[in-house]
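**Student:** Just dropping this structure here.
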Amino acid sequence: MAENMDDMQEIIQDFLVEADELLEELDEDLVRLESESDDEELLNKIFRAFHTIKGSASFLGFEKLTELTHKLEDVLNKLRKFELKLNSEMMDAILAGVDKAKEIIELIKEGGDPESVDIEENVKQLSRFLEEDYKEGQGKEEPQEEELSEEEMVELQKEEMLEEEALLESEEEEKKPKDDIDAEIERLLKQRMEEDKEKRLKRREKILAELQGKGTEGEEKQGEEKKEEPKEEKKEAKKPPIQKKSKPVVEQTIRVDVQRLDDLMNLVGELVLGKNRLVSVAQKAEEKFSGDEVVEELSEVANQITLVTTDLQMGVMKTRMVQIGKVFNKFPRVVRDIARELNKEVELIIEGADTELDKSVVEEINDPLVHIVRNAIDHGIEPPEERVKLGKPRKGKIILSAYHEGNYIIIEAADDGRGMDPEKLKQKALEKGLITETEARQMSKEEAYALIFKPGFSTAEKVTNLSGRGVGMDVVKTNVEKLNGIIEIKSEIGKGTKVILKIPLTLAIIQALLVKVTKEYFAIPLVSVVETVRITKDDIDKVENKDVLRLRENIIPLVYLGDTLGMGKNKRTLDGKEIYVVVVAIAEKKIGLVVDELIGREEIVIKSLGNYLTNIKGISGATIMGDGSVTLILDVANVINEASIISANIEDHLIENYAKDVPVALVASRDITDKNDLIDYLKDKGYKVIYAHTDKEALELACEHIADIVFIDLSIYINDGYNLARSLRSMPAYKTTPLIAVSTDGTYDKEKLKESRFSGILFVPLEKDEVYEAIENASKRNILVA
């Protein structure tokens, strides 16, 4: 019993998937039919789609869906026989019926009661086109159908059924790769369809009152015919397996649960992390044991694993890829409905529908595109009469296109309408209190276009079902931000507007730019990085007491990344002669993030921080680097929002602006015996001494106090003193600062000491004269000293 229930659930799931595919195609095909109503092939295709849904729904016992699609099938049957002529009223009713069918399908998916859906109005509308007195567009209708004898009626119905089945069989030959319901289910569905036809005959017999006496005889004859037909079908059904032996590649596709693909993607992510770690170890081994045969073999293996992992990653990503046509194909219907509501004429052109991107991304971009297209028709495309006066074609044009650019997909929505006037946009924003007059004066054309994404902004004079509430384009911005995408707008008054979306192909494994701020490393998703620039403090200007950078006629706000993350207070890590800026963008906003150092580009796997750390501002996740360390991934949208409300300036972080009355000495030691003596010696020499127990604490203090000399215990926690020295040397403030090593056990690594660029070394116990001599010698070799 349980197995039967599972089988039935599987059949229902197959039906839902197939119904979704057919209904999606119907939206596009029906809109096409409106302009190509005499296309017999298209009419047959639409008829077959309704016929398939009806047959499956009838077999599974979904009565409301069966009744509705039965009526739609009947209307299409008359259309394909040219007994009816398609008009706008009829198309509206058919599309409304398709919408109602979608509603029933969604209810089945959610586990609701599909029989609770009210289809009475839809059935009534469709039935009207099947009535004898519906004369509009009828050219070849023969109203004598009810005068036929019972035998003729049965014969006519048999011919119709055979014709429909022949059409279904021809469709199966054309679309075999898409059919994945097994042969047994197909047989049952066909049998159910025949039974359904039989029921229709019985209903017609009741209408023929004068032939009621012959009803029983007709049914018996028909029953005999029906019994003979399945036998013929069974004979025919045995033939396909023989044909399949000569065509082993008939079944080219399978359906896979998305969760399985997600799990596989996660495993590939872990493999990428392992690959990064292996490559890192191989590089270190090569540096340390250059020329060793085993090390060379390790490097070869690391390179081979890198190639295989990359191919595997691309392969798994492709299994999650779907064509953007899945989204684009919904828009002919959307454009038709909105254009009719607004009494406008609009032609939709779709380009690049076969462009592929990750399934999760496809699901997120549908809503933004709907709002963009709706906005283009409502605000962009002019009414037909106005277009004619302007010398434009009566019918407006919207072009939806998609193409790949590196690891991103570019989606463009262009119209040939009014275009956008930056001055009018500014004026409207001023009226609504969204910007100040100063901001309006300083706004570039691109910044004015970006005003349409502000919550509450609308240029509509009155509120309608389509516009005026100021929420549509705000939704676009929110959804694109979620995808770490970028929005760009190009517009010309009288010529039209183009909205460009740049979105990553996948959200699981991404390219990132690694940067350093104070002592920490961060990953910025490369899709959000516009460019990196190196400037000096003289390139920074002020606007309303905030730092900005003039970059190719654009004004980019500047902010120190540490300030947006709450870790920049009292940190002085920037060299005024060499400041690194990462220009990032999210949706329509751009900003320059000032960082201490650019590390490089890296492929990273995004890891969740878990529920406990979910709401950390500015951080979207973490990744594990090749050396095993954890690096946090920036949430660029959140960082940009934080940047708009902070008041700190770049000059607060410049090394040269650090004022001190006395020289500073930093002592980094876990606990050397002569620690207090060293501190006393330095104080006697006139130094202000700051003390750190660990390397992390030492780096923190080094950012806050620009030390003039540093003493480092080689055995300091958490890493050793050599690593601490290397970290300090990478900071602009300590490139030439004297760093003196302290050995507590009399040993040291000469090579490491040289690599870490120490200025000298002392041994415990420390003598006052030795300390002073070390300071003296360091002073001669280095620029900055007390």
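**Student:** Determine if the stretch 263-282 includes at least one residue that is more than 20 Å from GLY626 (Cβ to Cβ), open to solvent by less than 60 Å² (accessible area, probe 1.4 Å), outside the structural domain of VAL17 (by TED's automatic domain parsing) and in a helix (DSSP H, G or I).
**Tutor:** Taking the stretch 263-282 first, the residues more than 20 Å from GLY626 (Cβ to Cβ) are 263-265.
Next, only the ones that are open to solvent by less than 60 Å² (accessible area, probe 1.4 Å) stay: 265.
Still in the running and outside the structural domain of VAL17 (by TED's automatic domain parsing): 265.
Subsequent filtering for residues that are in a helix (DSSP H, G or I) retains 265.
Scanning the stretch 263-282, I find at least one residue that is more than 20 Å from GLY626 (Cβ to Cβ), open to solvent by less than 60 Å² (accessible area, probe 1.4 Å), outside the structural domain of VAL17 (by TED's automatic domain parsing) and in a helix (DSSP H, G or I), so the answer is yes.
Yes/no per residue for (1) open to solvent by 10 Å² or more (accessible area, probe 1.4 Å); (2) out of contact with any Leu (no Cβ under 6 Å at 6 or more places or on another chain):
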| residue | (1), (2) |
| --- | --- |
| ILE46 | no, no |
| LEU65 | no, yes |
| ARG80 | yes, no |
| MET90 | no, yes |
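**Student:** While we're here: Checking ASP635 against (1) modelled with pLDDT of 85 or more; (2) assigned by TED's automatic domain parsing to the domain that holds ILE775, only one condition comes out false. Which one?
**Tutor:** (2)
**Student:** Another one. Within the stretch 661-674, restricting attention to residues that are open to solvent by less than 80 Å² (accessible area, probe 1.4 Å) and modelled with pLDDT under 80, which residue is nearest to ASP547 (Cα to Cα)?
**Tutor:** Keep residues of the stretch 661-674 that are open to solvent by less than 80 Å² (accessible area, probe 1.4 Å), which gives 662-669, 672, 674.
This time we only want the ones that are modelled with pLDDT under 80, so: 672, 674.
Numbers: ILE672: 45, ASP674: 47 Å.
Restricting to residues being open to solvent by less than 80 Å² (accessible area, probe 1.4 Å) and modelled with pLDDT under 80, the top hit is ILE672.
**Student:** Can you tell me how many residues within the stretch 544-559 are within 30 Å of the chain's Cα centre (by Cα) and modelled with pLDDT of 90 or more?
**Tutor:** Summing the residues that are within 30 Å of the chain's Cα centre (by Cα) and modelled with pLDDT of 90 or more in the stretch 544-559 gives 4.
**Student:** Looking only at the stretch 434-445, which residues are assigned to a helix (DSSP H, G or I), over 29 Å from LYS344 (Cα atoms) and open to solvent by 20 Å² or more (accessible area, probe 1.4 Å)? Let's see the steps before the verdict.
**Tutor:** Initial filter on the stretch 434-445 (assigned to a helix (DSSP H, G or I)): 437-442, 445.
Next, only the ones that are over 29 Å from LYS344 (Cα atoms) stay: 437-442.
Once the filter is applied, which keeps residues that are assigned to a helix (DSSP H, G or I), over 29 Å from LYS344 (Cα atoms) and open to solvent by 20 Å² or more (accessible area, probe 1.4 Å), the stretch 434-445 yields GLU437, THR438, GLU439, ARG441, GLN442.
**Student:** Among ALA101, ALA57, which is the only one that is more than 24 Å from GLN323 (Cα to Cα), surrounded by 18 or more Cβ atoms within 10 Å (Cβ to Cβ), within 29 Å of the chain's Cα centre (by Cα) and at pLDDT 85 or above? Steps first, please.
**Tutor:** Values: ALA57 fails: within 29 Å of the chain's Cα centre (by Cα).
None of the other options fit; the residue is ALA101.
**Student:** Consider only pairs whose beta carbons are under 8 Å apart and that are at least six residues apart or on different chains; among these, list those whose first residue lies in the stretch 725-738 and is buried (at least 22 other Cβ atoms within 10 Å of the Cβ) and whose second residue is of a type in the set (Gly, Ala, Ser) and part of a loop (DSSP other than H, G, I, E, B).
**Tutor:** The qualifying pairs are ALA725/SER756; TYR734/ALA707; THR737/ALA707; PRO738/SER759.
**Student:** Could I ask something else about it? Which ones in the stretch 510-546 are part of a loop (DSSP other than H, G, I, E, B) and crowded, with 16+ Cβ neighbours inside 10 Å? Even if it seems obvious, please write down each step before you answer.
**Tutor:** First, the residues of the stretch 510-546 that are part of a loop (DSSP other than H, G, I, E, B): 518-519, 536, 544-545.
Selection gives THR518, LYS519.
**Student:** Go through the stretch 294-314 and report how many residues are under 26 Å from the mean Cα position of the chain (by Cα) and farther than 18 Å from GLY274 by Cα.
**Tutor:** Of the residues in the stretch 294-314, 0 are under 26 Å from the mean Cα position of the chain (by Cα) and farther than 18 Å from GLY274 by Cα.
**Student:** Right, here's the next one. Quick one: what pairs do we get from the stretch 675-700, first residue not assigned by TED's automatic domain parsing to the domain that holds VAL517 and open to solvent by 80 Å² or more (accessible area, probe 1.4 Å), second of a type outside the set (A, V, I, L, M, F, W, C) and assigned to a strand (DSSP E or B), C-beta under 8 Å, 6+ apart or different chains?
**Tutor:** What qualifies is HIS693/TYR717.
**Student:** Take the residues in the stretch 550-565 that are in a strand (DSSP E or B) and of a type in the set (A, V, I, L, M, F, W, C); name whichever of them is most open to solvent (accessible area, probe 1.4 Å). So that I can check it myself, show each step before the final result.
**Tutor:** At the first step, the residues of the stretch 550-565 found to be in a strand (DSSP E or B) are 550-551, 554-560.
With the extra rule that they be of a type in the set (A, V, I, L, M, F, W, C), the set shrinks to 551, 555-556, 558-559.
On the way: LEU551: 28, ILE555: 58, ILE556: 10, LEU558: 15, VAL559: 6 Å².
Residue satisfying both the conditions and the ranking: ILE555.
**Student:** Taking the stretch 283-311, which residues are buried (at least 16 other Cβ atoms within 10 Å of the Cβ) and of a type in the set (A, V, I, L, M)?
**Tutor:** ALA285, VAL295, LEU298, ALA302, ILE305
**Student:** Still on this structure, I have one more. Right, ILE586: touching a strand residue (DSSP E or B) at 6+ places or on another chain (Cβ under 6 Å) and surrounded by 18 or more Cβ atoms within 10 Å (Cβ to Cβ) or not? Step through it out loud before you land on a result.
**Tutor:** Values: touching a strand residue (DSSP E or B) at 6+ places or on another chain (Cβ under 6 Å): no; surrounded by 18 or more Cβ atoms within 10 Å (Cβ to Cβ): yes.
No, not satisfied.
**Student:** Further question: Quick check on ASN366: is it polar (S, T, N, Q) and either in contact with a Leu (Cβ under 9 Å, 6 or more places away or on another chain) or not assigned by TED's automatic domain parsing to the domain that holds ARG340 (or both)?
**Tutor:** Values: polar (S, T, N, Q): yes; either in contact with a Leu (Cβ under 9 Å, 6 or more places away or on another chain) or not assigned by TED's automatic domain parsing to the domain that holds ARG340 (or both): no.
Taking the combined requirement at face value, the residue does not satisfy it.
**Student:** Which count do you get for residues in the stretch 739-759 that are of a type in the set (D, E, K, R) and touching a residue at least 12 places away in the same chain (Cβ under 8 Å)? Before you say what the answer is, go through the steps one by one.
**Tutor:** At the first step, the residues of the stretch 739-759 found to be of a type in the set (D, E, K, R) are 745, 749-752, 754-755, 757.
The next check asks that each one be touching a residue at least 12 places away in the same chain (Cβ under 8 Å); those that pass are 745, 749, 752, 755, 757.
Summing the residues that are of a type in the set (D, E, K, R) and touching a residue at least 12 places away in the same chain (Cβ under 8 Å) in the stretch 739-759 gives 5.
**Student:** Looking for something open to solvent by less than 50 Å² (accessible area, probe 1.4 Å) and either at positive phi or without any contact (Cβ under 8 Å) to a residue 60 or more places away in the chain (or both) - is there at least one such residue anywhere in the stretch 566-576?
**Tutor:** Scanning the stretch 566-576 turns up at least one residue that is open to solvent by less than 50 Å² (accessible area, probe 1.4 Å) and either at positive phi or without any contact (Cβ under 8 Å) to a residue 60 or more places away in the chain (or both).
**Student:** Residues to consider are ILE579, ILE640, ILE586, ILE616; find the one that is under 23 Å from LYS519 (Cβ atoms), in contact (Cβ under 8 Å) with a residue 24 or more places away in the chain and outside the structural domain of SER727 (by TED's automatic domain parsing).
**Tutor:** On the way: ILE640 fails: under 23 Å from LYS519 (Cβ atoms); ILE586 fails: under 23 Å from LYS519 (Cβ atoms); ILE616 fails: in contact (Cβ under 8 Å) with a residue 24 or more places away in the chain.
Only one candidate qualifies: ILE579.
**Student:** Another question about this same structure. Need at least 3 residues that are basic (Lys, Arg) per element, so show me which helices (runs of 4 or more DSSP H) inside the stretch 1-116 make the cut, counting only ones lying wholly within it. Working first, answer last.
**Tutor:** Numbers: elements: 2-35, 40-60, 63-80, 88-109.
Of the helices (runs of 4 or more DSSP H) lying wholly inside the stretch 1-116, those with at least 3 residues that are basic (Lys, Arg) span 40-60, 63-80, 88-109.
**Student:** Only one of PRO384, PRO332 is crowded, with 18+ Cβ neighbours inside 10 Å and either free of Cβ contacts under 8 Å to residues at least 60 places away in the same chain or not β-branched (Val, Ile, Thr) (or both); which?
**Tutor:** Working: PRO384 fails: crowded, with 18+ Cβ neighbours inside 10 Å.
Of PRO384, PRO332, the one residue that is crowded, with 18+ Cβ neighbours inside 10 Å and either free of Cβ contacts under 8 Å to residues at least 60 places away in the same chain or not β-branched (Val, Ile, Thr) (or both) is PRO332.
The values are calculated or read from the model by the stated rules, or taken from the named source; none is laboratory data. If you're wondering where the values come from, they're calculated on a predicted model, not measured in any experiment. Heads up, the Cβs are rebuilt from the backbone with ideal geometry, glycines too, and the neighbour counts pull from every protein chain shown. Please note that ligands, DNA and RNA were not included when accessible areas were found on the heavy atoms of the full protein model with its side chains. Shrake-Rupley method; radii C 1.70, N 1.55, O 1.52, S 1.80 Å.
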